[in-house]
Every structure is written in C-alpha cells, then in structure tokens.
Amino acid sequence: MRAAGYYRPQTTDARSEQAAVSAIERYCLEGFHTLSRVVGPGEPPLRDADQYGALVSYLEGLGRGEALIVIPDPRHLASTLDGLVSRLTELDSAGGEVRCADPDRPDPLQHALESLPFAGRPAAQNRRVRESLLSKAARGEVLGRTPYGYVADIDGTFKVEEIEARLVRRLFDLYAGDAPSEESEQPAPLGGPGLRRIAGILNAEGSHTRTGRPWSPVTLSGMLRNRVYTGSYLRYGMRIAGNHERIVARDVFNRAQEVMASRSPDRKRRSLTPYLLSGLARCWSCGRGMHGIERQRQWSRADGSGASRSYRYYVCPSRSAGVTEADVDADGEVLHPSWREAELDRAALGALRDESAEVLRSSFVPVADDEANNEIQAAEQQFLESVRSVASGRGGVSDLITPLEELRTTRSMSQASSTGFTFEDAMDSIQTAEPNGLHAAVASLVERIVVHDGRVEPVYRTS
Ligand SMILES: [Zn+2]
C-alpha cells in the first residue's frame, strides 16, 4: 500500500529526526508499503499547523486515492487525545489512514490512550483498554473470532477465504447500491435494499452463517461495520505490522457506512445534544422539571427498507409516568404539559425578548461554574468512552466525529458561562439564538421557566 511518513521535531537533537525517519522506513519495509514521501518539519522548521496542512494537501493531491500515514508515535501528530482524534478524523476523510511505526502499538488510538494526556489528566489514567486486552492475551484467551471471509494463517494474520469473501462482497455491493453519479444533484448515496431484505435474498439462495444459521439483519449489520474488510484494520493492535488483503474496496465500504448512517435512527447523537431548557423548564401543575425526550417514528419505504425520524419533546415526568384521574382536569385535559422542543425553546426566548431591559438587567447573575464543570466532565467521559470503544475494535475513526463535536460544543457552551460572560453577551445570545452559550445566557437570567399548556412564564433570578 502507498504510504507517506510524517514526523515533528520532538527535541532539538538532530538524531531524533533521524530516528523518526528510520522508524518510518523500517515500518514500511516490513509491511511491504511503498513509502512515497516523508513530510518532515523542513529547515527552518515549519509551524505545526503549516506542516500538517502540507500533509493534508498531499493526500488531497492523490485525488480519491488513499494512503497509509506512518508516524513514529501519536505525539508527532497532536499533543492531546482530542487533538489527535480531530486530526485522525480529518485525515480519514481525506483518504489517509494513520499507523504508528511502533511495532507493539501500531494503532494510533490505542497508543494515544497511553501516551497522550486528555482533559488535563496524564495519559496513564487512560490506559485501561490495552491493559485489559493484554491480560486477556496473557491468559491465552482468544481475542475475537476470525472474521467471516477470512481464515487465520499460522502466523496469526488473516488470509482471504474466497467462498465467504464472495458473500461479503455481495452484501456490501447490494447494501451500498450504486455510487452517486458525478453530475447527480443528490450527493449522498441512496443505497440498495435494506438488511432484512438482503438477509432474505441470501437465505433464499441457501447460504448460511458459519454455525449453519440463517443470516439475520443483526449479523449482516455487524459485518457491514467491520473495518477488517478494507484490509487495513489491525485487530487490537496485537498483530505485527503488515496488512491483510482487503475484501471490500474502500469507497464501497465508505458508501455502505453513509447509507447505514442515513438509515439509522442515530439515537446516540441526538440524545447527547443538550436541551436548551433542561434544568430550567418546570411543569406549572406539579412543579417537576420537564424532561427532554426523543421519540422515533418509523415507517417502511416501498422497497421494504426502513426509514425513521426522531422528534424531540419536553414533557413533564408526571405525564410520561402514566396519567391518572388526578392528572386530568374537568374538560379531560391532561394537567402536565408536553411541548415540541423547538416550540418551547422559541416560546421561552420570545418571553425573554419581550421583557423590559431593566427587569433583565436586574436579574442577571452569571451562572455558577460548578454547573458548567459538571457538563464538561460528563462530555469528556463520553468522549473517552467512545475513543476506548473504537480503540478496542468497535467501529472506525469516523465514528468519533460526533463525540468530538459534542465535546467541542459542550466546552464552548460552558466556556461562555465561566469566562467573563456579561449581560450584553447574554442579550446577544438571546436575540440571535446562536446555540453556543445560549443555555448559559438563559440560565443567567431565569431561575426557572414555568411551562403551561400553550404559554410559558419566566421566573427571574433576583440578585
Ligand atoms: Zn407535571
């Protein structure tokens, strides 16, 4: 596979540069990769951002090609775990797959969990994944089965098993459908039949799993997500360098991921997006805090594939717990409100915009830092869990795009509340409804927002 090396100066010692280049060269030699270029700092040394820019331009210059990016270790690409994830996802979308020249730890995420700090904590606290994998290996436990489509060779690498591989290719081709044409208005692939239908097709042909069972949508979906089929995934980083043969072309694999993302309810992403009025909206009738909830609506397309959309609401927990007679008024109306998220947000911001400037100014109290810190900590924990999960073999680098965005949003929202957040900033946020800092703006003015059916009533902070 085509490869490019990349390294940054770690010390002023020229020997460390030589060591970096030799490590890259050795890695490529052992893995039979063609080292086409080494992007180094140059003389005088480029700034980090400029040198990284040169690497991205190199990848983009390959057109839709792909290349292995070999670094001595993750510190050459970033100084923090989240910084590394940011660059890995960018490089991934430009066709670059990053590997570390360290033969014991080729996977950059696994390496980074023990070599890069995160959120002000030293790397040592992020180690868990590898230690648990190593102890499993030491006990002689099998680290996952050989994926369908491959057999394990004596040296532990995967060799293609042609009959199974044919089914894998067929699955990907069917599911990913045709590539959108160049001149097409529709940039996203439409995809082929859904998983249930493909399982039906394969089973009707008399094909079955290794254990002799019929194919199920769940099994097929696991295969569609498995990066091993693109040939470059090093399982658990426990094998020596050298990639196994791919079964599925990278563009088909990527298209299948896009189709899957467009069809999946994407629960995780949405449930993590914070609700503007969480902790602030209260039911007028029972006084409980309104919960932000998400409901899925699902339907079937004409071709049998599933489609779904999610809707977000605020609802009084007394209502969702099940309504009794005591919760219904004389007209049969439920006393506990339920609002569409967008409508309640709009009503609350509208009420604040209609309030007199004097009232708002006298209620303004920048929100306490504790609250912001808790939110950041929760977001950091989520992010770290996602990185650990991908580092231990579930999914690929592109699965970290959303967690990274969530982390950034939470950090910038919380930053607004803790660093010199003024009354004027709060007013600006409320006028423009720009999401960053909006929660902090509302929380710095109101203690709570009492929610009725069809109207809201802000209760201002009193300083
Ligand atoms: Zn209620």
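The values are calculated or read from the model by the stated rules, or taken from the named source; none is laboratory data. Please read these numbers as outputs of a predicted model, since none were measured by experiment. Cβ: placed from backbone, ideal geometry, glycine included. Neighbour counts: every protein chain shown.
Looking across segment 432-451, just one residue is touching a Leu at 6+ places or on another chain (Cβ under 9 Å) and of a type in the set (S, T, N, Q), and that is THR432. Given the condition away from the ligand (no atom under 16 Å from the Cβ), closer than 30 Å to TYR175 by Cβ and touching a residue at least 40 places away in the same chain (Cβ under 8 Å), answer yes or no: does some residue in segment 310-317 qualify? Yes, segment 310-317 contains at least one residue that is away from the ligand (no atom under 16 Å from the Cβ), closer than 30 Å to TYR175 by Cβ and touching a residue at least 40 places away in the same chain (Cβ under 8 Å). So, in segment 323-342, of the ones that are in a helix (DSSP H, G or I) and surrounded by fewer than 13 Cβ atoms within 10 Å (Cβ to Cβ), which residue ends up farthest from the ligand (Cβ to nearest atom)? The extreme case among them is ALA342.
With the condition kept exactly as written, say whether any residue in segment 11-20 is closer than 28 Å to VAL387 by Cα and assigned to a helix (DSSP H, G or I). Taking every residue of segment 11-20 in turn, at least one turns out to be closer than 28 Å to VAL387 by Cα and assigned to a helix (DSSP H, G or I). VAL70 passes every criterion in (1) under 26 Å from ASN254 (Cβ atoms); (2) assigned to a loop (DSSP other than H, G, I, E, B); (3) at pLDDT 90 or above apart from (2). Scanning segment 21-60 for residues that are within 18 Å of ALA78 (Cβ to Cβ) and part of a loop (DSSP other than H, G, I, E, B) turns up GLY40, PRO41, PRO45, LEU46, ARG47. For segment 195-226, a tally of residues being of a type in the set (Ser, Thr, Tyr) and either assigned to a helix (DSSP H, G or I) or under 14 Å from ARG263 (Cβ atoms) (or both) returns 2. Within segment 343-353, the set of residues being of a type in the set (A, V, I, L, M, F, W, C) and away from the ligand (no atom under 16 Å from the Cβ) comprises ALA347, ALA348, LEU349, ALA351, LEU352.
Taking THR219 and the conditions (1) buried (at least 18 other Cβ atoms within 10 Å of the Cβ); (2) at pLDDT below 85, which numbered condition does it fall short on, given that it satisfies the others? THR219 satisfies all of (1) buried (at least 18 other Cβ atoms within 10 Å of the Cβ); (2) at pLDDT below 85 except (1).
Inside segment 283-309, residues that are surrounded by 13 or more Cβ atoms within 10 Å (Cβ to Cβ) and within 10 Å of the ligand (Cβ to nearest atom) make up a count of 7.
For the residues ARG295, ARG309, the requirement of being in contact with a Phe, Trp or Tyr (Cβ under 7 Å, 6 or more places away or on another chain) and part of a strand (DSSP E or B) singles out ARG295.
Of all residues in segment 74-100, those being in a loop (DSSP other than H, G, I, E, B) and buried (at least 24 other Cβ atoms within 10 Å of the Cβ) number 1.
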